[in-house]
1. Out of I233, I213, I289, I219, I need the residue that is surrounded by fewer than 24 Cβ atoms within 10 Å (Cβ to Cβ) and aliphatic (A, V, I, L, M). Which one?
2. Could you grab me the full set of residues in the range 75-111 that are small (G, A, S), under 19 Å from P380 (Cα atoms) and part of a helix (DSSP H, G or I)?
3. Looking only at residues that are among the small types (G, A, S) and in a loop (DSSP other than H, G, I, E, B) in the range 357-372, which one is surrounded by the fewest Cβ atoms within 10 Å (Cβ to Cβ)?
4. Got a sec? Which strands (runs of 3 or more DSSP E) wholly within the range 198-292 have at least 3 residues that are under 30 Å from V15 (Cβ atoms)?
5. Considering each of S40, S27, S90 in turn, give the residue that is within 19 Å of V156 (Cβ to Cβ) and either small (G, A, S) or in the same structural domain as I309 (by TED's automatic domain parsing) (or both).
6. On the given criteria, is S400 closer than 20 Å to K232 by Cβ, touching a His at 6+ places or on another chain (Cβ under 8 Å), crowded, with 16+ Cβ neighbours inside 10 Å and not assigned by TED's automatic domain parsing to the domain that holds S146?
7. So which of P140, P175, P180 is within 30 Å of W475 (Cα to Cα) and surrounded by 21 or more Cβ atoms within 10 Å (Cβ to Cβ)?
Amino acid sequence: MKYDPLKNYINGEFVAPRSIRTLKVVSPLDGNLLTEVPMSTKEDLNDAVEAARIAFHKWSKTPIKERVQVFFRYKFLLEKNMKELAEICSEENGKTIGESVAEIEKCIELTEFATSLPQLVTGEVLEVSKGVECRTEHVPLGVVASIVPFNFPSMVPNWTIPNAIALGNCMIMKPSEKVPISCGRIAELLKEAGLPDGVFNIVHGDVEIVEAICDHPGIEAVSFVGSTKVAKIVYQRATSNYKRCLALGGAKNHLMVMPDAIPGMTAQNVAASMSGCAGQRCMAASAMIGVGNVDNIIDKICDEARKIIPGENLGAVISKESKDRIEKYITEAEQQGAKILVDGRNVKVTGKEEGTYVGPTVIDFVTPGMSVATEEIFGPVISIMRTNTVDEALAIENASPYGNAASVFTQNGGVARYIIDRASAGMIGVNVGVPVPREPFSFGGWNESKFGVGDITGKSSIEFWTKLKKSTVKWNPEAGVNWMS
């Protein structure tokens, strides 16, 4: 075992949980045992909430310009420790080192945005009548919680940590039990950056802790990122307990490829989108819709896919169960009449035979009713459907219950605008395979890809992590009493 068994992080210290129940954490890269993660109890969560509650009194009263100084220092520490953080991310998640470095770079950008919050939450003041002023200010909520998935061990926690904490809240983080190591290192860097004890806490666990977070009366808001099935459960349970909740779910992102698309650029973008992070991201291209004759582009996509080599420039999927599930989708599509142009099944990487790899897979002649066309595969697989018109392509995209992302590849501005206006997705790309907005623009989908109001990052997150206080002040007694007062 490479690392010592993990502990919770409460009030600035790593502490052993009450429970002796643990899960093994195995690297998808080679099957080696990394550590053991504890399955905490409700009592452990109570300890973390109490520490956060006590810390909140002082932290929330600290001026925001002082609070963000922690994140200026934290940004420097992310940059300083990028290599180590990327290596941890790679070994526990299965990403390539290059993808892991990119993940830490995004953490840095997210933190950089948080340092700008003093300029964005200044509030408003207006003299609404002679001698009478109305003022608004953003006030922190209190103790909040963030439940994060396995596919981005550092980035998704940093979707919430910098903004929520800089805005004056104290946080309980529940990492994925599959990738729990990165969050512990984040906690150490935050403390080194000067974050007071109790402001950030980690409670490891499984469904028991997720349910306890949703139920806990001392937690004011919950953010969640994961599958749509679980996002619905978390949203319903948290809101039934009168909490704010923003729960991001799964996706089935469609890339619509027009005959006039630039073949080389399109092929590179499609292949990268479907295989980046081994396809384990909610913004991955999962379905491609070819409009008209795009055979030449499909040929180039296959050429690009064959350049993607498991164990070299393609990482592992998270577990054997995921590998088996992904390969089952491919086999089922083949049995239903689809054509496998590039087959990523039964991959073994020399020297890493216990790793869980799926090669890039391109499936053509998929019909809209097949499971590979409608369900989130979460692997390096692209399913190609064919239509004759843009409206037929849009009908397929609009029929999906999800709504994270959609892209169009074309050189026709009118076609691009037509699709931007009609695609049922929260994030749209034109000649971009992964249309993730950069800060300060916020991340968030539509439909069954998101439950709750607002987005999890960028300016939109301010409304989620704060409440608005309005004050009306009058100092002139000569104004007398009127309809306002």
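The values are calculated or read from the model by the stated rules, or taken from the named source; none is laboratory data. From a predicted model like this one, the values you see are computed outputs, not experimental measurements. Because the Cβ atoms are built from the backbone with ideal geometry, glycine has one as well, and the counts that use them run over all protein chains shown.
1. Numbers: I213 fails: surrounded by fewer than 24 Cβ atoms within 10 Å (Cβ to Cβ); I289 fails: surrounded by fewer than 24 Cβ atoms within 10 Å (Cβ to Cβ); I219 fails: surrounded by fewer than 24 Cβ atoms within 10 Å (Cβ to Cβ).
I233 is the lone residue from the list that is surrounded by fewer than 24 Cβ atoms within 10 Å (Cβ to Cβ) and aliphatic (A, V, I, L, M).
2. S90, G98, S100, A102, listed by residue number.
3. The first filter runs over the range 357-372 and keeps only residues among the small types (G, A, S), leaving 359, 369, 371.
Those still in the list that are in a loop (DSSP other than H, G, I, E, B) too: 359, 369.
Numbers: G359: 23, G369: 8.
That would be G369.
4. Details: elements: 200-202, 221-225, 244-248, 253-257, 285-291.
Those strands (runs of 3 or more DSSP E) span 200-202, 221-225, 244-248.
5. On the way: S40 fails: within 19 Å of V156 (Cβ to Cβ); S27 fails: within 19 Å of V156 (Cβ to Cβ).
When all the criteria are applied, what remains is S90.
6. Working: closer than 20 Å to K232 by Cβ: yes; touching a His at 6+ places or on another chain (Cβ under 8 Å): yes; crowded, with 16+ Cβ neighbours inside 10 Å: yes; not assigned by TED's automatic domain parsing to the domain that holds S146: yes.
Judged against the criteria, S400 is a match.
7. Values: P175 fails: within 30 Å of W475 (Cα to Cα); P180 fails: within 30 Å of W475 (Cα to Cα).
The conditions single out P140.
Yes/no per residue for (1) in the same structural domain as L45 (by TED's automatic domain parsing); (2) at pLDDT 95 or above; (3) touching a Cys at 6+ places or on another chain (Cβ under 9 Å):
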| site | (1), (2), (3) |
| --- | --- |
| G123 | yes, no, no |
| E133 | yes, no, no |
| F152 | yes, yes, yes |
| N169 | yes, yes, no |
| V179 | yes, yes, yes |
| G205 | yes, yes, no |
